[in-house]
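J.: The structure is given below, and queries will be raised subsequently.
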Amino acid sequence: MSRPPRPPDAAANIRGMFAPAHGPIILVDADACPVKDEVYKVAWRHEVPVRIVSNARLRVPQHPLIERVTVSDAFDAADDWIAAQVTPAAIVVTGDILLADRCLKSGAGAVIGPDGRPFTAASIGTAVATRAILADLRAGAAGPQGGPAPFARSDRSRFLSALDEALVRLKRARNP
C-alpha cells in the first residue's frame, strides 16, 4: 500500500475527519472486506472520509480521513450501524446483499460490492431472491459444497473503477 498523503489542514481535523459533514463518505462493512487497501487509495486521492466498521478491532492506517468503528459482536451490529449512518452522500462497500438492500432503501448514494459490481434499485431484488434460493439449496444439500469464485485481480480493478466513478458522480451531483 502506498504512503497516505498528508492531511491538508490538521487544525480542521475533528474526530479524525476533516471533510464537510454534507460531503461524500465511504462506509465499509469491513469484517470480511478484501478491498480495504483499495478504499484507502481512492479516499486519499479524493480526500473523502472513510469509516471502517467491524465487530472486531481491525488495523487501519493512521490518517485523519480514516476512522475505525468497532461495534458489539451482536448479530448484525455492524450492518445496523452502517444502515443507520446512510445518507444520499454515502457510498457503502459491502458484499452482504441484505445490507445492500437496507442501504439502498435508506437512500445511499451508491452501494458497491467488493468485486466492483454495483447494487442498484433495479438489481437488488434479483440479488436478494438469488441469495434466498441458494440458501435453500445449501440447506438441502449433503456433503461439501462449492463457494464463490476466488477473488481475482480483475475484481480489484473493477472495484477501484466503480468506487472512483461513484465518488465522481456524487461530487458532481453535489457541486453542479
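J.: Within the range 75-117, which residues are among the β-branched types (Val, Ile, Thr), in a loop (DSSP other than H, G, I, E, B) and under 12 Å from the mean Cα position of the chain (by Cα)? Give the derivation first.
T.: Taking the range 75-117 first, the residues among the β-branched types (Val, Ile, Thr) are 82, 86-87, 91-94, 97, 111-112.
Retained after the next criterion (residues that are in a loop (DSSP other than H, G, I, E, B)): 86-87, 94.
Scanning the range 75-117 gives VAL86, THR94.
J.: Being of a type in the set (Asp, Glu), within 20 Å of LEU99 (Cβ to Cβ) and outside any helix (DSSP H, G or I) is the filter here, so list the residues in the range 21-62 that pass it. Show your work before the answer.
T.: Taking the range 21-62 and keeping what is of a type in the set (Asp, Glu), we get 29, 31, 37-38, 47.
If we keep only those that are within 20 Å of LEU99 (Cβ to Cβ) too, we end up with 29, 31, 38.
Passing the criteria: ASP29, ASP31.
J.: For the range 151-170, state whether one or more residues are at pLDDT below 90, out of contact with any helix residue (DSSP H, G or I) (no Cβ under 8 Å at 6 or more places or on another chain) and closer than 20 Å to VAL35 by Cα. Walk me through it before giving the result.
T.: At the first step, the residues of the range 151-170 found to be at pLDDT below 90 are 151-152.
Add one more test, that the residue is out of contact with any helix residue (DSSP H, G or I) (no Cβ under 8 Å at 6 or more places or on another chain), and what stays is 151-152.
From the residues that got through so far, the ones that are closer than 20 Å to VAL35 by Cα too are 151-152.
Yes, the range 151-170 contains at least one residue that is at pLDDT below 90, out of contact with any helix residue (DSSP H, G or I) (no Cβ under 8 Å at 6 or more places or on another chain) and closer than 20 Å to VAL35 by Cα.
J.: Has the range 122-145 got at least one residue that is within 13 Å of the chain's Cα centre (by Cα) and either at pLDDT 75 or above or not acidic (Asp, Glu) (or both)?
T.: Going residue by residue through the range 122-145, those that are within 13 Å of the chain's Cα centre (by Cα) are none.
No, the range 122-145 contains no residue that is within 13 Å of the chain's Cα centre (by Cα) and either at pLDDT 75 or above or not acidic (Asp, Glu) (or both).
J.: Okay, next question. Working only within the range 35-54, note down all residues that are surrounded by fewer than 18 Cβ atoms within 10 Å (Cβ to Cβ) and of a type outside the set (Asp, Glu).
T.: First, the residues of the range 35-54 that are surrounded by fewer than 18 Cβ atoms within 10 Å (Cβ to Cβ): 37, 41, 45, 47.
Of everything in the range 35-54, those that are surrounded by fewer than 18 Cβ atoms within 10 Å (Cβ to Cβ) and of a type outside the set (Asp, Glu) turn out to be LYS41, ARG45.
The values are calculated or read from the model by the stated rules, or taken from the named source; none is laboratory data. Remember, predicted model here, so these are calculated numbers, not experimental data. So basically every Cβ, Gly included, is an ideal-geometry build from the backbone, and we count neighbours across all protein chains shown.
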